[in-house]
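Comments concern the structure below.
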Amino acid sequence: MKIFKVGLFFIMLLSLSATVYSQGPVLVVTEKTTLQTFNNQIKLIGRTSGIIESNIVAEISGRVESIQTTEGTKVTNGQVLLSIYSKPIALLLQAKQAEALQADVQVQLAAERKARSVQLRKDNLISESGLDSAIAWDAIQTAQFHKA
């Protein structure tokens, strides 16, 4: 009985394959093709984010005056992203520059006083303690200049 079933299965398989392979050509309809260039762009709907994101921190604090970029814009190193109201910062910078100039003048005056005191001591016109005082004053002014 098993041989009969296996034989019947092969006969049915052969008859099916004969009908499939004996069919004539079949008409297939396709759409017309057009030549297009690929721009390496994919249009997406939704929100995309970069692989690498960076937090940006300003060196100074203040009120934002203007923003030169928008979200998603590609930026380069050194590009200005925004402007901060700079009037208070400019005044502070001028004050610090004036302090540095004043300290430089103090150091120059102390050096001139020291040189004059050395010459006066050589001429024996001031005491040793007067020379020591001028040397100490020069050292103090120089230390304050380098501290600022």
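Worth a mention:
- Residue list for segment 76-100, filter: touching a residue at least 12 places away in the same chain (Cβ under 8 Å), of a type outside the set (Val, Ile, Thr) and in a helix (DSSP H, G or I): Pro88, Glu99, Ala100
- Gln119 more than 30 Å from Gly46 (Cβ to Cβ), of a type outside the set (Phe, Trp, Tyr), surrounded by fewer than 13 Cβ atoms within 10 Å (Cβ to Cβ) and touching a Leu at 6+ places or on another chain (Cβ under 9 Å): yes
- For segment 113-148, filtered to residues that are in a loop (DSSP other than H, G, I, E, B) and either of a type in the set (Val, Ile, Thr) or under 45 Å from the mean Cα position of the chain (by Cα) (or both), the residue that is farthest from Ala100 (Cα to Cα) is Ile126.
- Scanning segment 62-79 for residues that are under 20 Å from Ser49 (Cα atoms) and charged (D, E, K, R) returns Glu71, Lys74.
- Ala103 meets all of the listed conditions (1) free of Cβ contacts under 8 Å to residues at least 40 places away in the same chain; (2) surrounded by 13 or more Cβ atoms within 10 Å (Cβ to Cβ); (3) more than 34 Å from the chain's Cα centre (by Cα) but one, namely (1).
- Any chance Leu81 is surrounded by 10 or more Cβ atoms within 10 Å (Cβ to Cβ) and modelled with pLDDT under 75: no
The values are calculated or read from the model by the stated rules, or taken from the named source; none is laboratory data. Being a predicted model, the structure only gives us computed values, none of them experimental. Note that we place each Cβ from the backbone using ideal geometry, even for glycine, and neighbour counts take in every protein chain shown.
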